[in-house]
Amino acid sequence: EAVLHISDSAYPRLKSHPNEAELDALFTPTLAEMAFALKQTRRPGPRVALLVLLKTFQRLGYFPRFADVPLAMIKHIAAAAECPEVGGEIRVYDHSTYRMRQMNQVRVFLSVSAFDDAARRLVVEASVAAARTRDDLADIINIAIEELVRHRYELPAFSTLARIARTARSTVNRGFHRRIAASLTHATKARLQQLLQRPVGESGTPWDRVKAEPQEPTLPHFRGFLDHLHWLRMQSEGTRVFDGIPDVKVRQFAAEAQALNAAVMNELVEPKRLTLMAALLQRQAAHALDDVA
């Protein structure tokens, strides 16, 4: 599986080099926000730090470290707060209790809640529901983000959302594997298992033949193509057990099977192994039939 990057998802991030128009539109405190900051503290440094937390949270839905906030953004907010002398020195607050107190002040001002056990349960439920019809981790994460925003929760670290999404997908897929494997007859299971055994005197396994793309069904190859189609349909008999399983899941199971050789397939737990094999057989037989047509 490809490595999941934060940029693959809708998880918000700050631009490293925002232009003046973006700073004016997104990071200029309103009069109400200025009054809020002035009420909390009259000291320039802490006031700018509070406004930086406020404006970045409005953009991101979580509190970045001051060290990760572009200096141009800090200076823009400082100038708007009439504290132009304040700059990167507010980054010392990253390791102080002052920052925690200001984060709570921002939450109260914006009527949002910190990410807690209730928020985690919300993310788990949303991720499991999404994983039933989606397989891409970024899609699952994006749905979890939408739920947190809708319920006015602070976003956790991206790694937390990714870990929950990956666990949810695995849990849902294991459920599908068990359901599909239970629908196969003993005879079908035995036939599928035989595809992974290397016959005496042969260099490969029948599974290699399942994965192989057939020749183009041109006239010189047509008899061989029909023989391959007939063989595939015989091997796939009894594997039409995907009713009620989303197509995106079946396609993903088939793609996963295509990437695995017989030795690796044999190492998988039986429900997953049988599911992947059935999905690929169905796909290969359907593709071959389409080519004939």
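The values are calculated or read from the model by the stated rules, or taken from the named source; none is laboratory data. Because the structure is predicted, anything quoted here is derived from the model rather than measured. Using ideal geometry, Cβ is built from the backbone for each residue, glycine included, and neighbour counts are taken over all protein chains shown. For accessibility, only protein heavy atoms count, side chains too; no ligands or nucleic acids. Shrake-Rupley method; radii C 1.70, N 1.55, O 1.52, S 1.80 Å.
With loop membership from DSSP and a limit of 14 other Cβ atoms within 10 Å, the longest segment of the chain without GluC sites (Glu not before Pro) is 86-201. Multiplying the residue separation of residue 19 and residue 65 by 0.36 nm and removing their Cα-Cα distance gives an extension gain of 14.5 nm.
Taking R0 as 30 Å, what's the FRET efficiency between residue 208 and residue 187 from their Cβ-Cβ distance, rounded to 0.05?
Working: r = 23 Å, r/R0 = 0.76.
After rounding to 0.05, the efficiency reads 0.85.
Using the heavy atoms of the protein chains alone and a 1.4 angstrom probe, what is the accessible area of segment 133-270 per residue in square angstrom? Per residue, segment 133-270 has an accessible area of 57 Å².
Close Lys pairs in the chain, defined as Cα atoms under 28 Å apart and 8 or more places apart or on different chains, number 11. Per-residue extension of 0.36 nm, minus the Cα-Cα distance of residue 200 and residue 124, leaves a gain of 22.5 nm for this segment.
In degrees from 0 to 90, rounded to the nearest 10, what is the angle of the helix 31-40 Cα long axis to the longest principal axis of the chain? Between the helix axis and the principal axis of the chain, the angle is about 70 degrees. Across segment 229-234, coupling constants 3J(HN,Hα) worked out from phi with the 6.51/-1.76/1.60 Karplus curve, θ = phi - 60°, read 4, 4, 5, 4, 5, 5 Hz, and Gly and Pro carry x. Its Cα centre serving as origin, segment 142-289 has a Cβ charge dipole (Lys and Arg +1, Asp and Glu -1) of approximately 380 debye. If you model segment 106-238 as an ellipsoid using its alpha carbon gyration tensor, with each semi-axis the square root of five times an eigenvalue, the axes come out at 49, 17, 12 Å, biggest first. Farthest toward the positive end of the dipole of the chain, out of 79, 277, 205, is the Cα of 79, where the dipole comes from beta carbon charges about the Cα centre.
If you put +1 on each Lys and Arg Cβ and -1 on each Asp and Glu Cβ, how big is the dipole of segment 1-86 around its Cα centre, in Debye rounded to 20? Intermediate results must be reported in sequence, preceding the final value.
Details: 10 positive and 9 negative charges, 85 e Å.
Once rounded to the nearest 20, the dipole reads 400 debye.
Highest mean packing comes first when the peptides 95-102, 166-173 are listed by Cβ atoms within 10 Å, giving 166-173, 95-102. Considering only 116, 227, 135, the Gaussian network model of the chain with Cα springs below 10 Å gives its largest mean-square fluctuation to 227.
Of 42, 91, 47, the residue with the largest accessible area leads and the full order is 42, 91, 47 (1.4 Å probe). For the chain, find the longest principal axis of its Cα atoms and tell me its angle to the long axis of helix 117-131, 0 to 90°, nearest 10. For helix 117-131, the angle is close to 30 degrees.
Reported to the nearest whole Å, the Cα centre-to-centre distance from segment 140-203 to segment 240-269 is 10. Backbone amide hydrogens, once placed in the peptide plane, bring residue 153 within less than 5 Å of 113, excluding anything fewer than 5 places away on its chain.
Stretching residue 289 away from residue 237 to a fully extended chain increases their span by 17.3 nm, per 0.36 nm per residue minus the current alpha-carbon distance.
With contacts defined as alpha carbon pairs under 8 Å and 6 or more residues apart, what's the relative contact order of the chain in percent?
On the way: 309 pairs, mean separation 45.6, N = 293.
Relative contact order for the chain comes out at 16 percent.
Counting only the Cα atoms, the chain fills a convex hull of 191 Å³ per residue.
In order along segment 57-66, the Karplus-derived 3J(HN,Hα) couplings, from 6.51 cos²θ - 1.76 cosθ + 1.60 at θ = phi - 60°, round to 5, 4, 7, 9, x, 8, 9, x, 5, 4 Hz, and Gly and Pro are given as x.
Where the accessible area of the chain is counted over protein heavy atoms with a 1.4 Å probe, how much of it, in %, is carbon and sulfur?
On the way: 8340 of 15850 Å².
Solvent-exposed carbon and sulfur of the chain make up 53 percent of the total.
A crude spin-label estimate for the pair residue 26 and residue 259, with each label 7 Å from Cα along the Cβ direction, gives 3.3 nm. Against the main long axis of the alpha-carbon atoms of the chain, helix 71-80 sits at an angle near 40°.
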